[in-house]
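The block underneath contains the structure these notes are about, expressed in structure tokens.
Please treat every number below as a calculation from the coordinates, not as lab data. The model shown is predicted, which means the values in this text are computed figures rather than measured ones. Every residue, glycine as well, gets a Cβ built from its backbone with ideal geometry; the counts of neighbours run over all protein chains shown.
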There are 2 protein chains.
Amino acid sequence: MSTAERAPTRPSHQPAPHLRRRQARADATRTALLDAALTEFAANGFEGTSTRAIAERAGTHQPQINYHFDSKDALWRAAVDHLFDRLDEAMRSHQTTDGPEGPGPDDVTPVTRESFAAMIRAFVRAVAELPELNRIMVLEATMDSSRLAWIVDHHTTARYRLLTTQWSELRAAGAVRDIDPAVAYYSLIGAASLAYVNAPEARLLGQDTSEASFIESHADALLSMFLGEEDAA
Amino acid sequence: MSTAERAPTRPSHQPAPHLRRRQARADATRTALLDAALTEFAANGFEGTSTRAIAERAGTHQPQINYHFDSKDALWRAAVDHLFDRLDEAMRSHQTTDGPEGPGPDDVTPVTRESFAAMIRAFVRAVAELPELNRIMVLEATMDSSRLAWIVDHHTTARYRLLTTQWSELRAAGAVRDIDPAVAYYSLIGAASLAYVNAPEARLLGQDTSEASFIESHADALLSMFLGEEDAA
DNA sequence: GTCTATAATTAGATAGAC
DNA sequence: GTCTATCTAATTATAGAC
């Protein structure tokens, strides 16, 4: 987690044994609050979520939120940090590179059609597994607010730049469809995420978008739509 | 509007002149409340919107909401009805059929690749013009609630069935890409709407998605992505 | 129909015992 | 660190004068 808000902690040089138990319990409370906050914020939005509901889901009491985090706002930021960390994990775990050898850690090799295809497939799987992220993003990106400014600053900008840069390179090389990078960015994210963001609606329409068959044919479709026909990696 | 909630109205057979003025004022208040509600609900979500904020934006007082509508919930439903009416209007006004002659009113001719292309283009333009609709949809479709059940029942189901049926016909005829209808539905809606739903975020990223050049190249991109290359109508 | 005033709830945050 | 109890402010909805 990259947030600054922390529960007050003892200096780490000499923790007494009974204080270690205390600390372990505190960490558990903190983690439970973070997970509960994710679920609640993604489902009901920031305003629609009460700190009492979060505490109840976490199995603790409402004032713990103000103790472990400074405020409801700070808890939200910590939860979003945690969520982006989980996205990165999920992307890594779903990366299936298609060449004979895959990229190693700290890979800085230039983007290729194949690596971009693998990224899209991993993204679809990650988004299906982690709908909370895109839910929170779309809940917040819809209006100007201090939370939107924070999230763009801390998470969105770097990812936007990376993706549009890679797309521009591939486009110049004729390796993907001839689509403007910003158009491609929002079309890709939107096309990849809505089925999972709106999963409750889809279920009411008779569609279970969490099935593996849906997810994989979704990924196949995006590859043919964005990269073109020849090799739906 | 197709909602049932109405302000109490006089019998229409014999309106006295001074009561007509009264009624005109009331209608103005009702309409102002409806427009203000749309803006506020789309920006802040149902829970995040206070009836005071709506009344203030409408230039009237908070209790008027409970007078003209039964509740905050009923106002929300009336606003959504109004919004779908506006979507239909916007779709009609942006329909530019590409053949020598366009379809007339009450057209029931079978769907063609060309009519579907014209629909997609009109949809992109309409969604760009009316981001409130997709904002509200995504704000609500994210979790189960009585509002989601209502919106699916009253608006989404019919549109979902029409679009997926048309897609299936075109797909069987080989006129569009070979993509599952449900996958195509969510990919299309998501790809078409996110740039406008997330317009505030896009602006922070340096992208103005409301420019005509963005919208048209967005529509062009979707046509090539979903229909294939040969004729980006 | 519109207004002011207010009732009834619920929200986020804090105080202080343990 | 965690708990109970509570404060202050904001919420939706209603009462009743005009």
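Quick look at the values:
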read-out	value
Degrees separating the helix B:181-197 axis from the principal Cα axis of chain B, which is the longest one	60
Ranked by how many other beta carbons lie within 10 Å on average, peptides B:137-143, A:217-223 from highest	B:137-143, A:217-223
Distance between segment B:187-233 and segment A:159-210 - C-alpha centres, whole angstrom	11
For chain A: span of alpha carbons on each principal axis (Å, largest first)	63, 46, 34
Separation of the B:Ser145 and B:Ala158 label points, Cα + 7 Å toward Cβ, nm	2.4
Shielding of A:203-211 by partner chains, average beta-carbon count, 10 Å	4
Burial order of peptide ranges A:110-119, A:197-206 (average beta-carbon count within 10 Å, highest first)	A:197-206, A:110-119
Options A:His94, B:Val111, B:Leu222, ranked by Cα towards positive dipole end of the protein assembly as shown, top entry (Cβ charges)	A:His94
Residue-averaged beta-carbon neighbours from other chains (10 angstrom radius) around A:216-222	4
Sites A:Ser168 and B:Ala74 - FRET efficiency at Förster radius 45 Å, r taken between beta-carbons, to 0.05	0.35
Three-way shape label, the protein assembly as shown, alpha-carbon gyration tensor, a/c 1.5	oblate
Calculated [θ] (222 nm, deg cm²/dmol) that DSSP helices of n ≥ 4 give over chain B, each run adding -39,500 (n - 2.57)	-22000 deg cm²/dmol
Average partner coverage of A:40-50, which counts Cβ from other chains inside 10 Å	4
B:Arg86 versus B:Arg203: modelled label distance in nm, points set 7 Å from Cα along the beta carbon direction	1.7
